[in-house]
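Okay, so here's the structure we're looking at.
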Amino acid sequence: MPIEFGLYDVESIGSLEINWPNGLVETYTDISANQYIYAIEGDSLYCGISDGSLSVASGRLWLNCSPNPFEGVLIVDYSGAPGVTAELAVFDLSGRLVRSLGSSALDGSLQNTVWGGSDDAGECVPSGVYICRLLAPFEVVMRKVTLLR
């Protein structure tokens, strides 16, 4: 949900506290003004994104899964440094590959795909907790997702 703060001529935010619906409270300090930021529950606050896009200027992998929990379709947004090839997959909590979502050449822009809650054979998987993983040669990012049936 986009939120814009009217800071007038203030150059930085001394403290930003986010109270997430699950009860988690995150506090960030000394955030420069006049930039787009993107907060991910339990993960991080991405700063320094100048044009409102969600690309990762630092070259690091970025992964977001929403809605979470989900009932029908999970939207998987991801990004990373140009020239890097990354594999996106879903695993169960025992580490078994449930669904390969493919391999992608990253270009620094936001990319996305969807997972409809089925395995590689096309069978619906049961309700439960799964791990979405974005894997590149020198980095991996994972997000826990909950499927409700």
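The values are calculated or read from the model by the stated rules, or taken from the named source; none is laboratory data. Nothing here was measured: the structure is a model prediction, and the numbers come from that model. Heads up, the Cβs are rebuilt from the backbone with ideal geometry, glycines too, and the neighbour counts pull from every protein chain shown.
Restricting to the stretch 79-104, and then to whatever is over 15 Å from D120 (Cβ atoms) and touching a residue at least 40 places away in the same chain (Cβ under 8 Å), can you tell me which residue is surrounded by the fewest Cβ atoms within 10 Å (Cβ to Cβ)?
Within the stretch 79-104, the match that is surrounded by the fewest Cβ atoms within 10 Å (Cβ to Cβ) is T85.
Looking at the stretch 107-127, which of the residues that are modelled with pLDDT under 95 and in contact with an Asp or Glu (Cβ under 7 Å, 6 or more places away or on another chain) is surrounded by the fewest Cβ atoms within 10 Å (Cβ to Cβ)?
Taking the candidates together, the pick is N112.
How many residues are over 16 Å from N68 (Cα atoms) and part of a strand (DSSP E or B) if we restrict to the stretch 105-117? Before the answer, list the steps.
Taking the stretch 105-117 as the starting set, the residues that turn out to be over 16 Å from N68 (Cα atoms) are 105-111.
Narrowing the set further to residues that are part of a strand (DSSP E or B) leaves 105, 111.
Total satisfying the criteria: 2.
I want to confirm something. Restricting to the stretch 67-78 and keeping residues that are closer than 17 Å to R99 by Cα and either not assigned by TED's automatic domain parsing to the domain that holds Q111 or not aliphatic (A, V, I, L, M) (or both), which single residue is surrounded by the most Cβ atoms within 10 Å (Cβ to Cβ)?
Taking the stretch 67-78 and keeping what is closer than 17 Å to R99 by Cα, we get 70-78.
Subsequent filtering for residues that are either not assigned by TED's automatic domain parsing to the domain that holds Q111 or not aliphatic (A, V, I, L, M) (or both) retains 70-72, 77-78.
Working: F70: 17, E71: 12, G72: 11, D77: 14, Y78: 24.
My answer is Y78.
Would you check if there is a residue in the stretch 27-48 being at pLDDT below 85, under 21 Å from L135 (Cβ atoms) and outside any strand (DSSP E or B)? Spell out the reasoning first.
Here is the first cut: in the stretch 27-48, the ones at pLDDT below 85 are 27-48.
Now drop any that are not under 21 Å from L135 (Cβ atoms), which leaves 40, 42-44, 46.
Applying the additional criterion that residues be outside any strand (DSSP E or B) yields 42-43.
Among the residues of the stretch 27-48, at least one is at pLDDT below 85, under 21 Å from L135 (Cβ atoms) and outside any strand (DSSP E or B), which makes the answer yes.
Considering every residue within the stretch 63-74, establish whether at least one is without any contact (Cβ under 8 Å) to a residue 40 or more places away in the chain and of a type in the set (D, E). Walk me through it before giving the result.
Let us first name the residues in the stretch 63-74 that are without any contact (Cβ under 8 Å) to a residue 40 or more places away in the chain, namely 66-67.
From what is left, the residues that are of a type in the set (D, E) are none.
No, the stretch 63-74 contains no residue that is without any contact (Cβ under 8 Å) to a residue 40 or more places away in the chain and of a type in the set (D, E).
Working carefully through the options S104, S100, find the one that is more than 13 Å from C132 (Cα to Cα), of a type in the set (S, T, Y) and either outside the structural domain of C132 (by TED's automatic domain parsing) or at pLDDT 75 or above (or both). Walk me through how you get there before you give the answer.
On the way: S100 fails: more than 13 Å from C132 (Cα to Cα).
Every option except S104 fails the conditions.
Here is a check on your reading of the model: is R133 basic (K, R), modelled with pLDDT of 90 or more and buried (at least 17 other Cβ atoms within 10 Å of the Cβ)? Lay out the reasoning, then the answer.
Working: basic (K, R): yes; modelled with pLDDT of 90 or more: yes; buried (at least 17 other Cβ atoms within 10 Å of the Cβ): yes.
So R133 fits the description; yes.
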